[in-house]
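The structure appears right after this line, and notes come after that.
What follows draws every value from the coordinates through simple rules; no lab data is involved. All values derive from a computational prediction rather than experimental measurement. Glycine also receives a Cβ, built like all others from the backbone with ideal geometry; neighbour counts cover every protein chain displayed.
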Amino acid sequence: MARAKKKKKKRLAHILFAEIVVLLLLIGAVNVYSALNKIQHNSSEDENIEQNEIEEKEGFRNIAIFGVDSRENALIKGTHTDTIIVASINNKTKDVKLTSIYRDTYVNIPEKGYDKINAAYFKGGYSLALSTINTNFDLDVKEYVTVNFKAVVNTIDRLGGITLDISKEELKWLNGYVRELNRINGTNVPGLTSAGTQTVNGTQATAYARIRYTAGGDYKRTERQRIVISKIFEKVKKSDLATINSLIDDIFPQISTNLTSLELLGLAKDVFSYNIVDQTGFPFEKDAHNYKRVSYVFPINLQDNVTKLHEFLFDETGYQPSQTVQEYSNYIENIRVQ
């Protein structure tokens, strides 16, 4: 019971896209150099990032967004990634697509063996996490941003809250998570009194994004995360410079990335052109059950899922997965049906 309670406390939703694609972009407008200095730049593992025998996707920029389960602001290593999102930016149209990778997805972690994908960051930092994404899904992600969960509450509060539609089923769980967050953060934020469309603060929105016990489980939880991401994105784009400055002071110290100052500034010039046009969870076809007393999300035919992923992200029809992915797919399928 104590172990389960401790595990629940770590499951804080990390609503990340606004921080790394909006806030990092907006730094070009206010106090550029002082803002950049607040970010923990870490590119020490770049040489260790692996890829399959695939070519880079021309015209697209892919950034992995990691939300860590540490309340001690440990961004670099020794912490699990409670949230994993691949943000794919079409450089020509500025369209952005978000893919949440379910944290319990059963994958091959290079040189570590098969495990949940959220263990890769814990075992080998961002380079092993990126290598795992690349080798299992035929991607070429080299850039990452890691954010601590505290950034979520701070961001939404600074923005004056966001509007969410809370169902009756979600209300009970949301208020339970609000109480838990209050205990963790030493705050006294009230719960919600009723369901329906309403403005919520940072604690309430984070609690909403943590809910996983309604119909849909963890799959629905990642959908809630992406809803909150979109709401933050919309609100930040309409904010004034004073609000952006306060966000930078709160959020940037809680970010680690291998993006350089020049790369961040390069993103900044197109800030108001970016639009989130689609979002999804991965794997598309999945089977969640216990294997050796551990709960996993198994891709049903990994190579078919990878083909669909490339179609979703890059509008690439008929993609043929690499030999490595086919081998992983066969192994996972054998485990899945045991």
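Here are a few things to note about the model shown:
- Aspartates and glutamates whose Cα lies under 14 Å from that of residue 231, excluding same-chain neighbours fewer than 8 positions away: 19, 157, 165, 223, 278
- Looking at region 296-329, the GluC sites (Glu not before Pro) that sit in a DSSP loop and have at most 14 other Cβ atoms within 10 Å of their own Cβ are 316.
- Overall shape: oblate for region 170-289, with the ratio a/c of the largest to smallest alpha carbon gyration tensor axis at 1.5 or above and b/c at least equal to a/b.
- Region 284-338: trypsin sites (Lys or Arg not before Pro) in DSSP loop, at most 13 other beta carbons within 10 Å: 292, 293
- Percentage relative contact order, region 158-280, counting C-alpha pairs under 8 Å, at least six apart: 27
- Sites listed here are trypsin sites (Lys or Arg not before Pro) in region 212-242 whose DSSP assignment is loop and whose Cβ has at most 10 other Cβ atoms within 10 Å: 238.
- Taking 0.36 nm per residue of separation and subtracting the current Cα-Cα distance, fully stretching the chain between residue 215 and residue 182 would add 9.3 nm.
- Karplus-derived 3J(HN,Hα), 6.51/-1.76/1.60, for each residue of region 249-261, Hz, glycine and proline x: 4, 7, 8, 4, x, 9, 10, 10, 7, 9, 6, 7, 4
- Too-long pairs where the Cα-Cα distance tops 21 Å, listed order kept, from 94/150; 168/237; 38/92; 94/237; 112/150: 94/150; 168/237; 38/92; 112/150
- Computed over region 197-338: relative contact order in percent, which uses C-alpha pairs under 8 Å that are six or more apart: 14
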